[in-house]
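Asks: The following block contains the structure, expressed as structure tokens.
Taken together, the values in this text are just the output of simple stated rules run on the coordinates, not laboratory data. These figures come from a predicted structure and were not determined experimentally. Using ideal geometry, Cβ is built from the backbone for each residue, glycine included, and neighbour counts are taken over all protein chains shown.
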Amino acid sequence: MTRLTAWFSEGRSTGKHTLPFVVILLSVTILASAANLFLPVDSIFYVSTYTITLLGKYLCYAMLALAVDIIWGYCGILSLGHGAFFALGGYAMGMYLMRQIGDRGVYGNPLLPDFMVFLDWKELPWFWLGMDQFWFAMLMAVVVPGFLAFVFGWLAFRSRVTGVYLSIMTQALTYALLLAFFRNEMGFGGNNGLTDFKEILGFNLQADSTRVALFLITAILLAVIFVVSQKILSSRLGKVVLAIRDSESRSRFIGYRTDRYKVWLFVYSAVIAGIAGALYVPQVGIINPGEFSPINSIEMVIWVAVGGRGTLIGAVIGALLVNYAKTRFTAIMPDAWLFALGAMFVLVTLYLPKGLMGLYGQLKAKRNTVMNKESQA
Amino acid sequence: MRRITLRHCIALCCCLFGLFSLSTHAAESVSLDPLLAELGEAKIKDMEPILVRIEAVSDETVLPLLRTLLNGNLYYIKAEKKVIGQFETNGETYYKDVFTDEINAGIDKRDVDKIRVNNNLRGYLRNAIARIQLTSKSPSVRENAVRELLSKLDGSTVAVLEGLYPNETNKKVKDAMGLALAMNTASQTELAASNRIAAIEKLSSSLENDVRNLLTTLTRDDNTAVVSAANIALEKIAQRANRFAFVDQLFFGLSLGSVLLLASIGLAITFGVMGVINMAHGEMIMLGAYTTYVVQMMMPNYIDYSIWVAIPAAFLVSGLMGVLIERLVICRLHGRPLETLLATFGISLILQQLVRTIFSPLNRQVSTPSWMSGSWEINPVLSLTLNRLYILAFALLVFIVLVIVLKKTPLGLNVRAVSQNRNMAKAMGVKTNWVDAMTFGLGSGIAGIAGVALSQLTNVGPNLGQAYIIDSFMVVVFGGVGNLLGTLVAAFTLGIATKFLEPTTGAVLAAILVLVFIILFIQKRPKGLFPQKGRAAE
């Protein structure tokens, strides 16, 4: 047990939240799942399936926030295009789920999804081949975002595009993909995207048990990714990444190939975003080009900023808090949400540069200075 | 020929006729009224001779009658032996005199009989109207009449044209008549082949659709010499048409380029010169467009002049908003570009939602001043819309003014000093805070002016700015940050490239290709087309 604790807490200060985080995350998810499956509906501790799905969605967002935080908080690369990787992962899962519908679609075509029949296509495009195999689709959910990130990152970091330039380039990337996926000719369902899913691996997607299982899988994967990322970032590689964030040219002069570190971290982050997207789609039941829109990608950044960048736990907390606020706000005062979101962007950058996780440190520092002054006086 | 001038001419003619009509109509009605009564009583097959007689005794004043009859709206009042027009507005039927436009309220549906026409008569009426117009006093009316006749030449119209051709003094009208006669000669199979070929050669210099249709039919002619001449002529026309299509595409490219230039020129100052990344730039454009809308709402009777009020108003509104944002937010985030990006993005969300709350999320219609609407028709295949032409000129004007402000005024000197070396400028006594606020206000104000121009081209809605923000950043980055000339070149390059890609790839794919091209270009040349040199480049 102590060895386990030690392993979790390795990397000192940055890793001190890991064990409590994993314990709380898993116990809450298991309790909520049990409350949904085993308690009667009228019990006060009963958790509705709607809530379970909502929580599952939040955990996907948290995973996505981790992905953004890993490259922004730890490496200083502000990506405004992470929604693209998320959506690509989602589309891979969506294609698999689409193929699982089989002949139960409106047109009853055993091979072609409904929208292709509607467009009068005769055969499956090449990129849809193999997507009926779960393992292949999941491989694509990881490989496609990873490959895109690799190509983009390799080009960008090698020619030393940094700072706001890179941010705008990533935004243009997701915008270009948004335009492309809106086209019917692309073969991804155009404007409507992919929806009307029936089952995953033979389990009915509407069933409570499937929902709970997806929720649990999301939680476990989030925990695994959290721990692995913590390990990576507290390793030697992580130290180099931090050095690149704080002074890239100095790290380069010391002899590190900073572009390679950045590319691989970018790919790692994109893969996490892809996994989050693949987990997100079966839970919400739809994927459409709207996920590529630049505003989605920039919203992810604010989750991390609110929680506190440079701390993995901060990213998760930020994603959960902001999305909970969004759910509440859009239900009560739909118009006010964008005001609140906008104000959050401004206020957090102005007054909470380190987010909520930094707030504690800020307050402590303030109290210390006050106490110091008092003791001097 | 501009449509406006044409409209003015028609209006002028109408006035003149109006002056005459009192006297001439009184004189004429003596001879016309019995004929009209006869027309009302006649059966369809007997009507054509009566119409011939009507045409023979009258001039342009009879046109309204013939037009009403052509549309099947002419009715006959049996009791009074008079004709009257039936008109309809908003589902209500009413009757009025076709000559004087006087509404006759005392007439009921039961009092009148419709004067029916068949296809044969309609064909005759159309030609008769054209023949009467051919003798009009206004050259433009005459020319239009000839052009309308091109598609429906027959023996009688050709005879009229042949009679008028030698005496015609206006060159344009004469050319059009010559064209019509050549078309007639070319299509007469009984004429000698050499005459027809000469006529076809004459036709090859025209771009009219009807000429092309005729030549296409002639390629199936029995005479092989005529067929080859027609083919050569068609090819020649196709070449010319292609050249004009190219000019047309170029114009649309320039037009898109001018829109991009307007949208990005303010950004070239805030982002390019100051180095502040302002994601709310698009919303400054949107504010300008909404200012135009509000100004028009406030002076609904002076739409034509409202734009002259809207331009300074939009500059002030967006400019003041820019100064406010700079003082409240951006100046506190100095030297932290990524944080500035996020904060200004938040501001853009707030401004969008604010507009949505005040003006509703629906698009607002901004009307175009009459002097900006219409088009400049150079020839049958090439016409340039006036509003795009004005906006192109306006974009260049704004650009030149901006360059002058930056190069020749004290403010410009300070701006350049601060952007080159902030600390040194401060040491020399430049109030850097004040200069920052003014520069940002200037950039935002120009974005507001861009909004005025854009409101003439697209719908004014809360998302107006979003549509342009990515494009404008692309333009500034592509052109090279801190270089106004680069922004100009980049805007027009991207505009023209997009428009020339569109026919082969479609609009969406063209936009994607251009984005991908810029992404790749920036990898190769991170500092854009015209990189800054010397100390300013870090």
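Asks: Can you pull the one-decimal nm distance between simple spin-label points at A:Glu185 and A:Phe203, each 7 Å off the Cα toward Cβ?
Replies: 4.1
Asks: Provide, as a two-decimal number, the C-alpha radius of gyration of region B:224-302 over 2.2 N^0.38 Å, N being how many residues it has.
Replies: So region B:224-302 has a normalised radius of gyration of 2.05.
Asks: Here is a further query. As I understand it, the value is the acute angle between the Cα axis of helix B:224-267 and the longest principal axis of the Cα atoms of chain B; what does it come to in degrees, rounded to 10?
Replies: For helix B:224-267, the angle is close to 40 degrees.
Asks: Still on this structure: Roughly how many Å is it from the Cα centre of region B:325-393 to that of region B:53-115, as a whole number?
Replies: Taking the Cα centre of region B:53-115 as reference, the centre of region B:325-393 is 50 Å away.
Asks: Here's something else I'd like to know. Note down the net charge around A:Ala207, summing +1 for each Lys or Arg and -1 for each Asp or Glu among other residues with Cβ under 14 Å from its Cβ.
Replies: 0
Asks: Among rounded, prolate and oblate, which fits region B:168-285 when a ≥ b ≥ c are the square roots of the eigenvalues of its C-alpha gyration tensor, a/c under 1.5 means rounded, and a/b larger than b/c means prolate?
Replies: prolate
Asks: For region A:352-370 and region A:60-74, write down the distance between their C-alpha centroids in whole Å.
Replies: 22
Asks: I need the phi-derived Karplus couplings for region A:73-85: 6.51 cos²θ - 1.76 cosθ + 1.60, θ = phi - 60°, integer Hz, Gly and Pro marked x.
Replies: My calculation for region A:73-85 gives x, 9, 10, x, 9, 8, 8, 9, x, 5, x, 5, 5 Hz in order.
Asks: Additional query: Take A:Asn368 and A:Ser249, extend 7 Å from each Cα along the Cα→Cβ direction, and tell me the distance between the two endpoints in nm.
Replies: It works out to 3.2 nm between the two label points.
Asks: Based on Cβ point charges of +1 for Lys and Arg and -1 for Asp and Glu, what charge dipole magnitude is obtained for the protein assembly as shown about its Cα centre, in debye rounded to the nearest 20?
Replies: 4560
Asks: Seen from all sides and averaged, what is the projected area of the convex hull of the Cα atoms in chain A, in nm²?
Replies: Answer in nm², one decimal: 23.8.
Asks: Report the trypsin sites (Lys or Arg not before Pro) located in region A:48-141 that are in a DSSP loop and have at most 13 other Cβ atoms inside 10 Å of their Cβ, or state none.
Replies: Passing sites in region A:48-141 are A:Lys122.
Asks: Which value, in debye to the nearest 20, gives the size of the charge dipole of region A:255-377 about its Cα centre, when Lys and Arg are +1 and Asp and Glu are -1 at the Cβ?
Replies: Result for region A:255-377 is approximately 540 debye, rounded to the nearest 20.
Asks: Tell me what chain A gives for mean residue ellipticity at 222 nm when only DSSP H runs of n ≥ 4 count, each as -39,500 (n - 2.57), the sum divided by the residue total, rounded to 500 deg cm²/dmol.
Replies: That calculation yields -24000 deg cm²/dmol at 222 nm.
Asks: Return the loop-located chymotrypsin sites (Phe, Trp or Tyr not before Pro) in region B:315-407 (DSSP other than H, G, I, E, B) with at most 12 other Cβ atoms within 10 Å of their own Cβ; answer none if there are none.
Replies: Qualifying residues, ordered by number: none.
Asks: Starting with the fewest neighbours, write out B:His281, A:His17 ranked by other beta-carbon atoms found within 10 Å of each beta-carbon.
Replies: So the residues, fewest neighbours to most, are A:His17, B:His281.
Asks: Given just the C-alpha atoms of region B:142-222, how large is their convex hull per residue in cubic angstrom?
Replies: Spread over its residues, the Cα hull of region B:142-222 gives 93 Å³ apiece.
Asks: Can you pull the one-decimal nm distance between simple spin-label points at A:Tyr256 and A:Phe38, each 7 Å off the Cα toward Cβ?
Replies: 4.8
Asks: P(r) for region A:243-357, please, calculated from all Cα pair distances in 5 Å bins and given in %.
Replies: Reading the bins upward from 0: 2, 10, 13, 19, 19, 16, 10, 5, 3, 1, 0, 0.
Asks: Jot down the radius of gyration and Dmax of the protein assembly as shown, Cα atoms only, both in angstrom.
Replies: 36.6, 121
Asks: I've got another one for you. Shape verdict for region A:158-286, please, from the Cα gyration tensor: rounded (a/c under 1.5), prolate (a/b greater than b/c) or oblate.
Replies: Oblate, since a/c reaches 1.5 and b/c is not below a/b.
Asks: Quick check for me: using +1 on Lys/Arg Cβ and -1 on Asp/Glu Cβ, what's the dipole size of chain A about its Cα centre, in debye to the nearest 20?
Replies: The dipole of chain A has a size of about 1880 debye.
Asks: Helix B:209-218 versus the longest principal axis of chain B: what angle, 0 to 90°, nearest 10, using Cα atoms?
Replies: In chain B, helix B:209-218 runs at an angle near 60 degrees to the longest axis.
Asks: Would you order A:Cys60, A:Cys75, B:Cys331 from fewest to most other beta-carbon atoms within 10 Å of each residue's own beta-carbon?
Replies: Lowest to highest Cβ neighbour count: B:Cys331, A:Cys75, A:Cys60.
Asks: Does anyone have the angle between helix A:294-307 and the longest principal axis of chain A? Alpha-carbon axes, 0 to 90°, nearest 10?
Replies: With rounding to tens, the tilt is 40 degrees.
Asks: Mean projection of the alpha-carbon convex hull of region B:424-491 over all orientations, in nm²?
Replies: Averaged projected hull area, Cα only: 5.9 nm².
Asks: Additional query: Which length gain, in nm to one decimal place, applies between B:Ile378 and B:Asn104 when the Cα-Cα distance is subtracted from 0.36 nm times their residue separation?
Replies: Stretched out fully, the B:Ile378 to B:Asn104 stretch lengthens by 94.3 nm.
Asks: Report the one residue of A:Phe203, A:Asn368, A:Ile272 whose Cα lies farthest in the direction of the positive end of the charge dipole of chain A (charges on C-beta: Lys and Arg +1, Asp and Glu -1; origin at the Cα centre).
Replies: Of the listed residues, the answer is A:Asn368.
Asks: Would you mind checking region B:182-211 for residues with the amide N under 20 Å from a putative spin-label position 7 Å along Cα→C-beta of B:Ala159?
Replies: B:182-191
Asks: In vacuo Debye scattering of chain B, one point per C-alpha: log10 I(q)/I(0) at q = 0.07 Å⁻¹?
Replies: -0.62
Asks: Please work out the FRET efficiency for the pair A:Tyr50 and B:Leu413, using the Cβ-Cβ distance as r and a Förster radius of 56 Å; give the result to the nearest 0.05.
Replies: 0.30
Asks: Between B:Asn463 and B:Lys171, what is 0.36 nm times their sequence separation minus the Cα-Cα distance? Round to one decimal in nm.
Replies: Full extension from B:Asn463 to B:Lys171 adds 100.0 nm.
Asks: List B:Thr185, B:Thr357, B:Thr340 from most exposed to least, where exposure is judged by having the fewest other Cβ atoms within 10 Å.
Replies: Lowest to highest Cβ neighbour count: B:Thr357, B:Thr185, B:Thr340.
Asks: With a cap of 12 neighbouring Cβ atoms within 10 Å, and only residues DSSP puts in a loop, list the trypsin sites (Lys or Arg not before Pro) found in region B:182-231.
Replies: B:Arg220
Asks: While we're here: Which value in deg cm²/dmol, rounded to the nearest 500, describes the helix-derived mean residue ellipticity at 222 nm for chain B, given -39,500 (n - 2.57) per DSSP H run of n ≥ 4 and division by the residue count?
Replies: About -23000 deg cm²/dmol.
Asks: Continuing with this model, one more query. Which value results for Rg/Rh of region B:54-162 when Rg is the Cα radius of gyration and Rh the Kirkwood radius based on the inverse mean 1/r?
Replies: Reported Rg/Rh, Kirkwood definition of Rh: 1.02.
Asks: If you count, for every residue in B:517-530, the Cβ atoms of partner chains within 10 Å of its Cβ, what is the mean?
Replies: 3
Asks: Pull up all non-local amide H partners of A:Ile200: gap of 5 or more, or a different chain, and H-to-H distance under 5 Å with H placed in the peptide plane.
Replies: The answer is A:Leu205.
Asks: Here is a further query. Given 0.36 nm per residue, what is the gain on full extension from B:Trp308 to B:Lys43 after removing their alpha carbon distance, in nm?
Replies: Computed gain between B:Trp308 and B:Lys43 is 89.4 nm.
Asks: Which of the listed residues, B:Ile50, B:Ala145, B:Ser375, is farthest toward the dipole's positive end in chain B, when Lys, Arg count +1 and Asp, Glu count -1 at the beta-carbon?
Replies: So the residue we want is B:Ser375.
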